[in-house]
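The values are calculated or read from the model by the stated rules, or taken from the named source; none is laboratory data. The structure presented is a predicted model; accordingly, all values stated were derived computationally and were not measured. Every residue, glycine as well, gets a Cβ built from its backbone with ideal geometry; the counts of neighbours run over all protein chains shown. Calculation scope for accessible area: heavy atoms of the full protein, side chains included, ligands and nucleic acids excluded. Shrake-Rupley method; radii C 1.70, N 1.55, O 1.52, S 1.80 Å.
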Amino acid sequence: MVDYFLVFLGAAIPWLELALVIPLGIISGMNPVAVIIVGFVGNMVTVLALIIGYDKFKLWLAKRNEGKEKKVSKRSERAKELWNKYGLPGMLLLGPILIGTHIAAFIGMTLGASKVKTMLWSTISIGAWAIIFGVATSLGFNLFVRE
């Protein structure tokens, strides 16, 4: 049970997320279906909290950065490129492998996407990538482990 909680926690933490946590959980011998579900839920909890609390977070961030010089990170630049090229669906679908789900959702909201559309596309993206990472790891791991 502790192992699944660690998968949940790892998936909820930005930068660890699904791409690392799901394969590690499966490779460590945990049930792939359970790892996919727990990883999905863990990632969704914090992404939904970010989307729902975006307005308050934006105010807090503005106060925190008041008077400071703005630095543009490479991830932010990559997110803007994705936004300009593919829009919200493309950015959120590619987010988990390129910039992270939390950053993709946050940048989408910053660039004017609605909360409903951001939630919808985040759910689709996180669900799809959880399944892809889980199935790919399970199939790949089974190719190397012969009984």
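The table below gives the values:
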quantity	calculated
Residues of the range 38-55 satisfying the condition of being in contact (Cβ under 8 Å) with a residue 40 or more places away in the chain and either of a type outside the set (Gly, Ala, Ser) or within 21 Å of residue 109 (Cα to Cα) (or both)	40, 43, 44, 46, 47, 48, 50, 51, 52, 54
Residue count, the range 41-54 (criterion: under 15 Å from residue 95 (Cβ atoms) and either more than 12 Å from the chain's Cα centre (by Cα) or open to solvent by 60 Å² or more (accessible area, probe 1.4 Å) (or both))	1
Verdict on residue 99 being β-branched (Val, Ile, Thr) and over 21 Å from residue 27 (Cβ atoms)	yes
Enumerated helices (runs of 4 or more DSSP H) restricted to the range 1-116, each holding at least 1 residues that are farther than 23 Å from residue 135 by Cα	32-52, 54-64, 74-98, 101-110
Criterion (farther than 21 Å from residue 12 by Cα and either open to solvent by less than 40 Å² (accessible area, probe 1.4 Å) or in contact (Cβ under 8 Å) with a residue 12 or more places away in the chain (or both)) met by exactly one of 111, 93, 98, 139	111
Residues satisfying the stated conditions in the range 55-88, i.e. within 18 Å of the chain's Cα centre (by Cα) and on the phi > 0 side of the Ramachandran plot	87
